[in-house]
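The values are calculated or read from the model by the stated rules, or taken from the named source; none is laboratory data. Only a predicted model underlies this, so the values are computations on that prediction, with no experimental measurement involved. When we count neighbours, we look across all protein chains shown, and the Cβ atoms used for this are built from the backbone with ideal geometry, even at glycine.
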Amino acid sequence: MKFDVVIGLEVHAQVNTKTKIFCGCSTEFGADANTQTCPVCLGLPGVLPVLNEKVLEKSVLAGLAMNCDINRYSKFDRKNYFYPDLPKAYQISQFDKPICIGGYIRVGNGENEKKIRLNRIHMEEDAGKSIHSDDPAVAKSFVDFNRTGVPLMEIVSEPDMSSASEVYEYLTNLKQTLKYINVSDCNMEEGSLRCDVNISLKPEGSEKLGDKVEIKNMNSFKAVKAAIEYEISRQTEMLEDGEKIVQETRLWNPDKNRTYSMRSKEEAHDYRYFPDPDLPPVICSEEYISNLRNSLPELPEAKKNRFTAEYGLSDYDAGVLTSVRQLAGYFEEVIKLGINPKKCSNWITSELLGKIEDAEKIDSFSVRPASLAKLLKLIDDDTISGKIAKTVFAEMIETSQEADDIVEKKGLRQVTDTAEIEKIIDDIIAANPQPAEDFKNGNDKAIGFLVGQAMKLSQGKANPQIVNRIITDKLR
Amino acid sequence: MAIDRKTIERTAELANLHLTENEKIEYEKQLNDILNYVEKIREVDTSAVKATDYIEEIKNVFREDVILESINRDEIEKIAPEFRNGHITVPKIIE
């Protein structure tokens, strides 16, 4: 029997503000436990939460970037439940009037393009972090409230995805957009991006949705993909054996590569949402929204399309260059200085990216765009060969010197003087009579060896095209 | 709307309250009295009144994203039932 897979995601992205959503405590990661708290985020009686204006601004920006409608009237609600890392016994969230509604993220290309619809984006506060003792004799959990009140935007998709790879692409595009507009750092290891997956299977073509399972606890996009693949095969096997899928929350175990039931006590889920009387409603004016809309930078998708159309780059190369905003900026700085876009793109993707750890930090890379442009010009006007340029580039990274200085100092200028090259080739032919003879007799492959020898003798400085031509002239 | 025993038990469960039998009887009566009293409000004609989430008319109260000093951890230790290695200590949550 064949099944359709139905997947929806809930993504929690930490909004990258300096302070928490309702108080002035720092959100800096890695502080000592319970050193970034105050009466407001600890939920002590008599305090008044006040919304951080940047959280609103960044949430609206995210909504605009993801094609959502911005609610002109939005409000905060209390979501009531008991848990030790939730000191107020309620979480301030948004229920029926979230800041953004609708919207979509595009995945796939051309004919396979698909819009994954969003249900909503809402603002809320994070809960604290608990560590559980492994020692049965201790039987304690330890709570750190530093995360409590850290601003989150929850991005809820419709159940529009049908495979692990589609989810992977959705997450990649989502993360790229959030980073482009600088509203979240999206660091899964630090918990600033978390993803819960809702997944169910139904008989192929059936209208009725199957019983769904929620998967949590994945700390990378790869883990999300693996967890979904595991869950699809688990549920398929169960359904084929006529078993019933239990609606439950399952956790991903990355070491065993499987999901397992959380087996929590059957909690009474009744959040009893009601408007938080401490937080007045948020009204977004047309002017506020249009100012934010105008401040949006060019988004990844638009930039990629422009790179292919304007610069004639391949879809793949344009995708690599625009995957990180800073990298795309660097590329455009270089070509602004008169460098051929394709050559520049090739250099960046095949040479430069291998030399840096994190493309987002390219703004602090020792070779600035103007210097790279100078280097690429030297290749273009035949001053140096592409091969020598790699050596020069390595030296530039090391010493921050300009390409032409390195070329002069080390005498790396390409030899284009035919008389000089001819002399080298005469020596090579004399020293390698057999390959020379082979080439003469029509073995085209033999020239490779001779060119290689000539390049070696010239220490890479001879112009390979000229070498090629002269050998051919001499022997044929 | 009348409050029955089941509603009392459910409400207590959600509020994490452990009620004795006598308390359940007592609260069932008290809550019913309160609801009956509030029932009076239904006599007001509200057909022309728009539903509202807030009684005050204030809106858009924001703060700037500026770091303020957090409190000293010792202050938390003073009010926490149990405190160990900088953490508030509670009975183990998951098995």
Worksheet item: Among the residues of segment A:163-185, is there at least one that is of a type outside the set (S, T, N, Q) and surrounded by fewer than 12 Cβ atoms within 10 Å (Cβ to Cβ)?
Response: no
Item to complete: Could you tell me which of the residues A:Ser295, A:Ser323, A:Ser350 is closer than 30 Å to A:Glu57 by Cβ and loosely packed, with under 12 Cβ neighbours inside 10 Å?
Response: A:Ser295
Worksheet item: Can you find even one residue in segment A:29-36 that is touching a residue at least 24 places away in the same chain (Cβ under 8 Å), in the same structural domain as A:Leu152 (by TED's automatic domain parsing) and in a helix (DSSP H, G or I)?
Response: no
Item to complete: Residue by residue through segment A:152-205, note down the ones that are over 30 Å from A:Leu239 (Cα atoms), in a strand (DSSP E or B) and β-branched (Val, Ile, Thr).
Response: A:Ile155
Item to complete: Scan segment B:25-75 residue by residue and report those that are touching a Ser or Thr at 6+ places or on another chain (Cβ under 9 Å) and either basic (Lys, Arg) or in contact (Cβ under 8 Å) with a residue 12 or more places away in the chain (or both).
Response: B:Tyr27, B:Glu28, B:Leu31, B:Arg63, B:Arg73
Worksheet item: Yes or no: A:Asp96 surrounded by fewer than 20 Cβ atoms within 10 Å (Cβ to Cβ) and acidic (Asp, Glu)?
Response: yes
